[in-house]
1. In deg cm²/dmol, rounded to 500, what helix-only [θ] at 222 nm does chain B give when every DSSP H run of at least 4 residues adds -39500 (n - 2.57) and the total is split over its residues?
2. Taking R0 as 45 Å, what FRET efficiency do you get between B:GLU202 and B:THR265 from their Cβ-Cβ distance, rounded to the nearest 0.05?
3. In whole percent, what relative contact order does region B:26-147 give with Cα contacts below 8 Å and a gap of six or more residues?
4. Around B:TYR146, with a cut-off of 14 angstrom between Cβ atoms, what is the net charge of the other residues, counting Lys and Arg +1 and Asp and Glu -1?
5. How much length is gained on full extension from A:LYS279 to A:LYS44, taking 0.36 nm per residue of separation minus their Cα-Cα distance?
6. Could you line up A:TYR277, A:TYR187 from fewest to most neighbouring Cβ atoms inside 10 Å?
7. Could you check which residue among B:GLU240, B:GLU32, B:GLU138 shows the biggest mean-square fluctuation in a GNM of chain B with a 10 Å Cα cutoff?
8. Across the residues of B:3-16, average count of Cβ atoms on other protein chains within 10 Å?
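Quick note: the coordinates plus some simple rules give every number you see, no bench work behind them. In this text, all values refer to a predicted model and were calculated from it rather than measured experimentally. So basically every Cβ, Gly included, is an ideal-geometry build from the backbone, and we count neighbours across all protein chains shown.
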Number of protein chains: 2
Amino acid sequence: MLHLVGLGLADETDITVRGLEIVKKAERVYLEAYTSILLVDKAKLEAFYGRPVIEADRELVESGSDDILAGADQKDVVFLVVGDPFGATTHTDLVLRARELGIETRVVPNASIMSGIGCTGLQLYNFGQTVSMVFFTETWKPSSFYDRVKENVQMGLHTLVLLDIKVKEQSLENLARGRRIFEPPRYMTVAQCAAQMLETEEERKEGVYGPDSLAVGAARVGAPDQKMVVGTLQELSQVEMGAPLHSLVLLGRRTHDLERDYIRTYAVDPATFDASYQKGYGHSL
Amino acid sequence: MLHLVGLGLADETDITVRGLEIVKKAERVYLEAYTSILLVDKAKLEAFYGRPVIEADRELVESGSDDILAGADQKDVVFLVVGDPFGATTHTDLVLRARELGIETRVVPNASIMSGIGCTGLQLYNFGQTVSMVFFTETWKPSSFYDRVKENVQMGLHTLVLLDIKVKEQSLENLARGRRIFEPPRYMTVAQCAAQMLETEEERKEGVYGPDSLAVGAARVGAPDQKMVVGTLQELSQVEMGAPLHSLVLLGRRTHDLERDYIRTYAVDPATFDASYQKGYGHSL
């Protein structure tokens with residue numbers, strides 16, 4: 001059987017008791033290590049599980065899935081995924097391939113950032129579509145996120161923005177020369193995300209949001225040192241939130257009083273928060 | 001400190017290792033037992049934790065929160081929540097009260113139905129707002145959910161419908177006479193939800209969806225015997241999915257081919273699925 005086991009959001013102790021039992025008894029254990037990260041490394045997981053863990057990079061998962069699935073019709077193979085196996089990054093392709101091979105699959109769910117973001121105090125009911133923000137380059141600043149944010153904003157809903165991470169990326173030069181040398185990992189910060197959002201608004205000029213729009217920045221959700229900050233996009237574009245991973249929520253117009261009371265505690269500046277809030281939020285429709 | 005600890009979705013082994021450690025060491029442990037349920041009872045949890053657990057009903061949480069928080073400035077008090085503490089039902093009011101009393105709070109996230117529903121193979125990115133469906137009575141058939149579903153449908157997004165549960169409810173007569181006698185618990189089924197949705201459409205007649213609209217029914221998400229079924233609302237209104245809890249997802253027009261391939265396996269009838277799908281789904285806009 002193939003077991004897709006969620007690891008949760010922070011460290012090795014965020015696995016569920018059920019998940020841990022399966023990991024300990026399995027024939028092989030893979031760790032999906034390219035779409036998200038825990039705040040601890042593979043060695044820490046191995047020590048905690050008392051067994052080796054095989055790192056599965058994008059190449060292995062996308063081209064070598066039959067290696068992962070080898071023998072899984074007879075024995076138990078575990079595929080560990082940070083967060084929930086069907087959360088921000090889904091592994092439906094691996095499950096579909098397992099089905100083709102007649103291999104049963106089972107899922108052990110866990111906290112995902114898609115629901116964990118509720119710890120901001122914003123109601124998950126009031127969220128629209130989730131979007132992703134990639135690192136802009138000089139020549140590539142994709143703004144498809146903007147269209148989806150626009151739909152959410154029009155309905156007054158919050159938007160969760162998931163921030164890009166780059167692990168095991170090769171420079172163009174190393175890629176061209178076939179050298180398996182990887183760049184240092186990069187994790188987008190709340191400040192970078194807010195700045196890119198403002199850059200896109202300046203480009204597109206559809207007034208979806210602006211420097212005074214309120215947003216919540218969240219860092220290390222689920223970890224003991226998780227941090228939240230609320231402020232205008234202008235303020236957040238200069239905020240420092242420490243180690244990864246970061247996420248951002250653009251506040252919807254329909255924000256409820258209880259949500260406001262909860263997040264106000266984290267305001268960069270309560271005065272600008274109140275001023276911005278009064279201008280554009282708290283409407284029931 | 002007040003610890004809000006998520007229990008996940010199925011049984012006692014869905015708590016995280018971190019959560020379990022906190023539960024074992026805490027001074028008092030409460031279980032929020034009125035907005036959702038695990039598939040096991042309190043005695044099973046107590047045996048697993050090796051300690052007593054205090055059941056917290058709506059009355060205690062809403063009026064007796066200071067009893068829950070008593071001494072939490074000095075000792076550790078745990079408040080267990082099925083799913084994630086900030087998932088479908090949030091406990092922000094308890095946290096706000098703790099803040100007023102100067103009590104620190106910490107959250108241990110876990111799987112919530114809001115993200116666990118990803119196990120259907122539907123991408124969480126493609127979901128709009130989540131709605132709740134309550135049990136209709138002869139005289140009370142609230143249709144506010146319909147307006148939110150309409151917004152999602154117009155954007156082509158999926159809608160997660162969370163289904164009502166009734167635990168520790170009193171009959172009007174017992175309530176009037178002050179008798180603490182409770183009705184047997186009731187859990188809405190996928191079939192009841194689909195039927196109520198169709199009833200509301202017949203009432204409102206705005207063409208948001210119809211008997212041929214496709215939806216996914218999910219039962220016992222996260223449990224080893226979780227079950228999924230996909231079909232038209234007409235088909236689902238007659239489907240039998242076994243023990244609670246159930247959820248339903250109304251499919252959005254923007255459904256991706258990969259999502260279709262994944263869910264088609266669960267079709268009540270692949271022929272009606274294909275026919276309905278071809279008529280109204282798989283459009284990118």
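1. Numbers: 12 runs with 96 residues, N = 285.
Mean residue ellipticity at 222 nm (helix-derived): -9000 deg cm²/dmol.
2. Numbers: r = 31 Å, r/R0 = 0.69.
For B:GLU202 and B:THR265, the calculated efficiency is 0.90.
3. Working: 106 pairs, mean separation 28.9, N = 122.
24 percent.
4. Working: positive: B:LYS141, B:ARG148, B:LYS150, B:ARG204, B:LYS205; negative: B:ASP147, B:GLU151, B:GLU199, B:GLU201, B:GLU202, B:GLU203, B:GLU206.
So the environment of B:TYR146 carries a net charge of -2.
5. Details: separation 235, 0.36 × 235 = 84.60 nm, distance 4.81 nm.
Once the chain is fully extended between A:LYS279 and A:LYS44, it gains 79.8 nm.
6. Numbers: A:TYR277 19, A:TYR187 16.
In increasing order of surrounding Cβ atoms, one gets A:TYR187, A:TYR277.
7. Result: B:GLU138 has the largest fluctuation of those listed.
8. On the way: counts 0, 1, 0, 7, 1, 9, 1, 4, 2, 2, 8, 7, 3, 15.
Rounded to a whole number, the mean comes out at 4.
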